1. Tell me, which residue of region 152-186 that is out of contact with any strand residue (DSSP E or B) (no Cβ under 9 Å at 6 or more places or on another chain) and either of a type in the set (Ser, Thr, Tyr) or closer than 25 Å to Lys125 by Cα (or both) is least open to solvent (accessible area, probe 1.4 Å)?
2. Tell me which residues, restricted to region 393-416, are at pLDDT below 85 and of a type in the set (Val, Ile, Thr).
3. Do we find a residue being at pLDDT 75 or above and within 23 Å of the chain's Cα centre (by Cα) anywhere in region 149-158?
4. Considering only residues that are modelled with pLDDT of 90 or more, among the hydroxyl-bearing types (Ser, Thr, Tyr) and more than 16 Å from Leu251 (Cα to Cα), which ones fall in region 306-342?
5. Going by the structure shown, is Asn307 assigned to a loop (DSSP other than H, G, I, E, B), open to solvent by less than 80 Å² (accessible area, probe 1.4 Å) and out of contact with any Pro (no Cβ under 9 Å at 6 or more places or on another chain)?
6. When you look at Ser34, is it hydroxyl-bearing (Ser, Thr, Tyr), exposed (fewer than 15 other Cβ atoms within 10 Å of the Cβ), under 27 Å from Thr187 (Cα atoms) and modelled with pLDDT of 60 or more, yes or no?
7. Report, by residue number, each residue of region 102-126 that is open to solvent by 70 Å² or more (accessible area, probe 1.4 Å), under 20 Å from Trp36 (Cβ atoms) and touching a residue at least 12 places away in the same chain (Cβ under 8 Å).
8. Look through region 95-135, keep the residues that are small (Gly, Ala, Ser) and in a helix (DSSP H, G or I), and return whichever of them is farthest from the chain's Cα centre (by Cα).
Amino acid sequence: MQLLSGLLLLSCICVSGVNALSHVPVLLWSTESSTWGAAPPANAGHITTSHEFYQLLQQGEKKPRLIVMFLQDTLSIDDFTYYSTMYGNENPLNNLQNVLNSAPASLILPSVEKKTINNLPSHLKQQDDWNIVNIDNLNVSSLEMDYNKPNLIIIRLQSIPRSNKNSAARVFAINDKHIGRITQELTIRGFHFTAIYTGVKPSKVVKNVDIVSKKGRQLLATDDIIPYSPLNVTNGSDVTCILIYATQFVLRVNKSLEFDLTNITFETPSADTNSSECSDTNTILSLVYSLPGKTFSSLEVRFYMTNMFYAGSARNWFKLESVMIIPDQDMLRNASFRTTYASTPAEYSYHCQRVGTSSLYGERLVPTNTEANSWEILISDFQIQGFNIKNNLFSYASDCTSFFTPAIWMGLVSSIILLWILSYGIFMIMRLTTNDKFDDPKSQPLSIPQGD
């Protein structure tokens with residue numbers, strides 16, 4: 001519970017807006033009680049640099065001669081707080097908590113530069129000619145170390161399936177058992193070591209929100225935490241020129257054959273983007289997929305974008321012009337769709353909750369040729385930017401929602417009905433009149449003859 005409380009505190013004090021794209025959490029524990037005794041506590045929002053991290057590894061009366069690094073594909077500080085509590089007593093990270101609580105020395109770094117972990121082997125080899133040992137089979141019984149040199153053992157854990165939380169929890173539990181077993185085995189064998197548990201990259205990314213002056217219509221700021229990184233295209237250079245993201249990317253042909261391209265586009269990217277083109281005025285994002293075992297051997301999806309100056313608004317506008325599907329690299333069979341609006345100021349990215357061929361979506365893709373009538377497209381939580389990308393991050397997002405949304409229309413209609421009822425009531429009250437004749441008690445009372 002000490003670990004859980006510490007992680008909850010650290011996750012709460014982390015400053016919002018810190019770019020999590022290049023930072024990963026690091027958990028350390030050591031068999032030497034003097035290690036990190038003088039280390040200052042982690043401050044709110046502090047990012048541990050490579051220099052600070054390497055200094056921490058060298059602290060203590062004895063410099064470590066053995067470092068064991070448990071390396072996972074993705075890891076973020078939220079993983080510890082979420083997966084430690086989602087199943088109550090069935091804690092998938094139980095062994096890790098016990099190891100940290102029982103270790104003579106332990107340290108939690110919520111935010112460490114990602115390049116620090118990637119460069120650790122090369123840094124250690126430069127310092128003292130460390131022996132680097134990579135283990136993928138999680139079997140340390142047959143471990144061969146060079147006892148004449150300090151050793152860095154890199155143990156690669158099973159990848160976490162981020163598309164399903166229950167599957168992710170099960171894999172976390174499997175990795176947690178391996179960490180507990182290997183730590184116990186090394187301790188029984190009498191090794192003095194420092195252990196590291198971290199990830200190659202963060203599992204959650206915070207999209208950037210630039211601070212801009214708000215004029216006219218309010219624009220949507222998409223600063224939500226998303227389950228994986230956007231797909232970035234560099235077009236053969238080191239500078240990102242296209243960014244695209246979606247939580248669901250599905251194509252359907254002839255109302256029967258479906259292609260779910262979400263995972264192979266974003267979670268485990270395998271789409272070929274080499275045919276993409278970038279310029280200051282025209283950008284083409286080309287995603288080529290190999291589909292063995294399907295009706296098509298390959299499938300290409302192209303997004304055409306323009307950046308043009310409009311005199312009416314005296315500014316440049318970024319527009320997603322059209323989308324094209326090319327099966328089997330056959331341009332004669334391409335399915336083309338034009339967008340209905342899909343534009344935003346050139347400094348922003350474009351975002352829409354639903355983009356596709358249905359008229360119910362926020363942005364509709366309208367078929368422009370016969371082949372397109374056979375295809376259906378659904379893209380959920382869609383965001384794209386083809387110009388003015390800074391620091392490999394999305395700019396402020398302009399949403400596709402029109403001014404009169406369904407909620408606004410419902411409010412207007414309800415208000416009109418209530419206003420009509422109120423007006424009718426006031427009109428009826430104003431039409432009320434009094435009787436012009438009354439019964440006078442001093443005069444002859446009114447007589448109403450009654451017949452038989």
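1. So the residue we want is Ser167.
2. Thr401, Thr405, Ile408
3. yes
4. Correct list: Thr306, Thr339.
5. no
6. yes
7. Pro104 - this is the single residue of region 102-126 that is open to solvent by 70 Å² or more (accessible area, probe 1.4 Å), under 20 Å from Trp36 (Cβ atoms) and touching a residue at least 12 places away in the same chain (Cβ under 8 Å).
8. If we take residues in region 95-135 being small (Gly, Ala, Ser) and in a helix (DSSP H, G or I), then Ser102 is farthest from the chain's Cα centre (by Cα).
The values are calculated or read from the model by the stated rules, or taken from the named source; none is laboratory data. Values in this document were obtained by computation on a predicted structure and should not be read as measured data. Using ideal geometry, Cβ is built from the backbone for each residue, glycine included, and neighbour counts are taken over all protein chains shown. With ligands, DNA and RNA removed, areas are computed over all heavy atoms of the protein, side chains included. Shrake-Rupley method; radii C 1.70, N 1.55, O 1.52, S 1.80 Å.
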